[in-house]
Amino acid sequence: DAGVIQSPRHEVTEMGQEVTLRCKPISGHNSLFWYRQTMMRGLELLIYFNNNVPIDDSGMPEDRFSAKMPNASFSTLKIQPSEPRDSAVYFCASTQGQGSYNEQFFGPGTRLTVL
Amino acid sequence: KQEVTQIPAALSVPEGENLVLNCSFTDSAIYNLQWFRQDPGKGLTSLLLIQSSQREQTSGRLNASLDKSSGRSTLYIAASQPGDSATYLCAVNSGYSTLTFGKGTMLLVSP
């Protein structure tokens, strides 16, 4: 299995621009998570999907952030407009099942820099 | 709200030493606990998953224990090697598959 795939791996943009991060979960996994990692706050959950439906988006910091999962094999995290404080590494993870008993597998991350 | 603390924040040891990384959590009502490894500039690699009903899990030179009642987990690394140098993250699943992470322990194993 190819594992969780994220693109792009690096993104540099200017403040005010729209940024779209992409994720392909492991085939057969029906839960998908977006996390953000910063030096100050560590790893934080942004949003969680199960069977393509958002279950918990309480971690999404502001309305500038939005996430979609149009099908079981693709998800996007969009920031519009981007700000320098959004600079972080964004991880996507997936797991099998809805329950809380399964191992989560992480993608390599997208390092976002907003100038 | 679940809070996860990892001690120490950084650890430097010579090759060959056995070492213990600590993780504590404030709410003992957990489903499982997962230990990850993160290399600089890389993603997270899952090392061990311990369900709340288990006391420990082993994989090669790694052994993770869980004491749910006291809110503690330890990751034991035997005969450390320079290739073990990385940041080790502890994450607690308190429900709905969402993980709460500690800030990690940065390990350096010198030859």
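Does A:Lys68 satisfy the criteria of being modelled with pLDDT of 95 or more, out of contact with any helix residue (DSSP H, G or I) (no Cβ under 9 Å at 6 or more places or on another chain) and within 20 Å of A:Gly16 (Cβ to Cβ)? Answer is no for this residue. Checking each residue in the stretch A:23-43 for being touching a residue at least 12 places away in the same chain (Cβ under 8 Å), loosely packed, with under 15 Cβ neighbours inside 10 Å and either more than 20 Å from A:Ser58 (Cα to Cα) or among the acidic types (Asp, Glu) (or both) picks out A:Ser27, A:Gly28. Filtering the stretch B:87-111 to residues that are crowded, with 20+ Cβ neighbours inside 10 Å and away from chain A (no Cβ under 14 Å) leaves B:Leu107, B:Val109. Scanning the stretch B:73-86 for residues that are surrounded by fewer than 16 Cβ atoms within 10 Å (Cβ to Cβ) and under 13 Å from the mean Cα position of the chain (by Cα) turns up just one, B:Tyr76. Looking across the stretch B:1-49, the residues that are β-branched (Val, Ile, Thr) and in contact (Cβ under 8 Å) with a residue 40 or more places away in the chain come down to B:Val4, B:Thr5, B:Ile7, B:Val13, B:Val20, B:Thr26, B:Ile30.
Taking the listed residues A:Leu112, A:Leu77, the one that is more than 13 Å from chain B (Cβ to nearest Cβ), closer than 24 Å to B:Thr45 by Cβ, among the aliphatic types (A, V, I, L, M) and touching a helix residue (DSSP H, G or I) at 6+ places or on another chain (Cβ under 9 Å) is A:Leu112, with no other qualifying. Considering every residue within the stretch A:93-103, establish whether at least one is buried (at least 20 other Cβ atoms within 10 Å of the Cβ), more than 10 Å from chain B (Cβ to nearest Cβ) and among the β-branched types (Val, Ile, Thr). No, every residue in the stretch A:93-103 fails to be buried (at least 20 other Cβ atoms within 10 Å of the Cβ), more than 10 Å from chain B (Cβ to nearest Cβ) and among the β-branched types (Val, Ile, Thr). From B:Ser85, B:Ser65, B:Ser110, which residue is over 21 Å from A:Glu103 (Cβ atoms), of a type in the set (S, T, N, Q) and free of Cβ contacts under 8 Å to residues at least 40 places away in the same chain? From the options B:Ser85, B:Ser65, B:Ser110, the qualifying one is B:Ser85.
The requirement of being under 25 Å from A:Arg111 (Cβ atoms) and aliphatic (A, V, I, L, M) is fulfilled somewhere in the stretch B:44-67, by at least one residue.
The values are calculated or read from the model by the stated rules, or taken from the named source; none is laboratory data. The model shown is predicted, which means the values in this text are computed figures rather than measured ones. When we count neighbours, we look across all protein chains shown, and the Cβ atoms used for this are built from the backbone with ideal geometry, even at glycine.
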